[in-house]
Each structure stands twice: as structure tokens, then as C-alpha cells.
Amino acid sequence: MHDYAFVGNDETSLLFLERVFEKKPPRFIITGEDRIEGRGRKMTSSLPALFAEKNSLKCFKTNDPNSVEFLQKIHSEGSVDFFLVFSFGYYLKKTFLSLPKRMCVNIHPSLLPLYRGAAPLNRAIMNNDRKSGVTFFRMTSKMDAGPVIASREIAFDECETSVTFRNKVLAEAARLFLSFDWESDFALFEQDDSKATPANKIDKKELILNLNEDSCSVKSKINGLSEYGVKCLINEKPVKIRSASLSDSDYDKEPGSIIIEGKRIIVKCLKGSVFLNEIQPEGKKTMSAESFINGYKIKTGDKVCVEFLA
């Protein structure tokens, strides 16, 4: 793919682009408009826009990629063979998808038709799947349903988190993109809609720790939501749990009871228990269980609570 425009809007987009830019740079970038962000309420460009500026690439910003005005602007730039879309965040209509000479290609972090939707990477881990992957497909007006160009399977480690898996997806997506023969008349494979599963957007309620489940479910949900952090109170202090693993031990205690085992924190679930591996106190950086024990004087008999969280 030597003649393409890159379409993306966030850190995931940037991390992919950085991996492929040296060997296959895009002709231009399409990204979102500058937004007011941070405590200073300053207008801030998207990360792909900043990358474009740094590397002297043309960059087109929009919050309405389907508008006649924006479509005309891109059309006047001259047609490219492909648009490569990764983590853009806007619904793209047929008029936008018809701009490139050949097609719009989307990079999706699942093995389509599994996990169509906004949070495929998270949902696969939350559901305790053993594998997922990355898929390149031709975009159509139906969400994540276009014919598949190529895909790669990626196995989950035992304690895979959404953060560690995103890195694997980015690495595999970059390898596939750079090695694939985009100039050829490659085949397209229709998805089997009967096997499609949804990957709905993460709801705020899901970001509150629920220990009234078995330990496997608790571990999977914590790890699947790792980049957000799952909220709870430990000794009435608000924290986010960033990663967890299964404990072989079980205890005749109520859910939420804490047991200190050496330098590790065990929390009782409805059935079984989990290790809390990474914890982020409010306003602080993420720390290990050992650092949290030492810094906050956590001991056996302390409690994890969610009752007072909004």
C-alpha cells in the first residue's frame, strides 16, 4: 500500500502509524478537529495531527467526515488508492467510503465476525476467551461487516490485559500491513453474519468492581478493563484496580475480605479469590501490590467496598 491516506484519531492510531511510517508513509492524514482538554482547557490537536505536523504531512481535520464540504476538500486533494482507517471513532457513510480509488480498509482488533463494535479487545478478555486477533477488511456502510482481506490470530496469556493485548495487536497489525501485497488483485472473503457477536461500548457501571461473582469472572473483567481501571474502595480510599490474577486459595470469608499473603493482596470473591496485582490510588500513579501494602498499611482483615461509589 504505497498510495494511501491514514484515518485515525487517538493514541492507538498514532502507535500503529509510528510502526509503519518509515517503510510506508501515507500521503496525508485525516483526523478529528482540535478539542478543549486538560485542566488548562486548551485547544489540543489529536495525536495523529501532531504526528503529521512533526513529519511535514498534510493533515485534514474534521468532526463531520461525511459533510459535503469536507468530502469536496478531500476530493480536491486528488484520489489515493486506499484509505486506511484505525480507531477513528466516526461513522463513515458511503460517500466517504467511495473516495479512494480502490477501497477503505479498516483495522479491527478481533477475529471478525466476532466482536463487531466499539470495544472488541476489551470484550474478548472480559469474556475469558483464549484468543482473539486482528482483521483487515473492506469497509461498507454496515458496522464491521465488510469482506475480510486478511486476519491474524493472537493467543491470550494467562493474565492478559487490555493494555498488553493492545500492544500485541499493534505489532501484528503493523507486520501484516507491511508484508501484505496491497498492489495485487487480492481476494476478499465475506463474513458469516450468523457467527457475528457484539462488542458494545463500555458502560460506566461496568467500571465498578463487582465481587459477587466467581473469581474467574472478576479477574477477566478487571483485566479486560485495564486501561480504564475498575473502581472500588480499599479501607475507604478510592482506587482503581488495573490488573489481577487467579488465586488457588479459597477462604471462608465474605466477598471483599482482604488477605495478605507475603507481598501480595488476595481478595475474596463470591466463589474463589483473586490477586490484585496493580492498583492505582486516586490522584497517584499505578503501583504494585507490594508498594500499595507498604504505602497504605494494608493488612489481613481489611475490606474492599463498592457501596459508596456513584
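Every number here is computed from the coordinates shown, using simple stated rules; none is lab data. Since this is a predicted model, take the numbers as computed values, not measurements. Cβ coordinates were reconstructed from backbone atoms using ideal geometry, including for glycine residues, and neighbour counts include every protein chain displayed.
Using the Cβ atoms and a cut-off under 15 Å, what net charge is assigned to the surroundings of Asp34, where Lys and Arg are +1 and Asp and Glu are -1?
Working: positive: Arg35, Arg41, Lys42, Lys61; negative: Asp10, Glu33, Glu37, Glu53, Asp64.
Neighbour charge sum, excluding Asp34 itself: -1.
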Subject >> Greater than 28 Å apart at Cα, pairs in Lys201/Lys299; Lys131/Lys271; Lys263/Lys284; Lys131/Lys204; Lys58/Lys285; Lys168/Lys303 >> reply: Lys201/Lys299; Lys58/Lys285; Lys168/Lys303
**OP:** At most 13 other Cβ atoms within 10 Å and a DSSP loop assignment: could you name the GluC sites (Glu not before Pro) in the stretch 200-304 that fit?
**Re:** Glu236, Glu282
Original post:
Amide H to amide H under 5 Å from Ile30: which residues, 5+ apart in sequence or cross-chain, H placed 1.01 Å off N in plane?
Top reply: Phe6, Val7, Gly8, Phe60
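Counting helices only, and only those DSSP H runs with n ≥ 4, report the 222 nm mean residue ellipticity of the chain as the sum of -39,500 (n - 2.57) divided by its residues, in deg cm²/dmol to the nearest 500.
Numbers: 8 runs with 74 residues, N = 310.
It lands at -7000 deg cm²/dmol.
With a/c under 1.5 counting as rounded, go ahead and sort the stretch 1-128 into rounded, prolate or oblate using the C-alpha gyration tensor (a ≥ b ≥ c being the square roots of the eigenvalues; past the cut-off, prolate if a/b is larger than b/c, else oblate).
Taking the square roots of the gyration eigenvalues as a ≥ b ≥ c, the stretch 1-128 is rounded.
When a/c reaches 1.5 or more, the comparison of a/b and b/c decides; with that in mind, is the stretch 1-74 rounded, prolate or oblate per its Cα gyration tensor? Can you show the working numbers first?
Numbers: a/c = 2.26, a/b = 1.20, b/c = 1.89.
Taking the square roots of the gyration eigenvalues as a ≥ b ≥ c, the stretch 1-74 is oblate.
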Subject >> Cleavage-rule hits (chymotrypsin sites (Phe, Trp or Tyr not before Pro)) in the stretch 73-152: DSSP loop, at most 10 neighbouring Cβ within 10 angstrom >> reply: Tyr91
Subject >> Residues in the stretch 95-119 that a label on Asp192 would reach, taking backbone N under 18 Å of a point 7 Å out along Cα→Cβ >> reply: 110-116
Original post:
Just in the stretch 102-183: which GluC sites (Glu not before Pro) are loop by DSSP and have at most 15 other Cβ atoms within 10 Å?
Top reply: Glu158, Glu183
**OP:** Pull up the cross-link candidates among the lysines for Lys94, meaning alpha carbon to alpha carbon under 22 Å and not fewer than 8 places away within one chain.
**Re:** Lys61, Lys73, Lys142
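If you average the sequence gap of Cα pairs under 8 Å that are 6 or more apart and divide by the length of the chain, what percent do you get for the contact order?
Numbers: 644 pairs, mean separation 39.8, N = 310.
Result for the chain is 13 percent.
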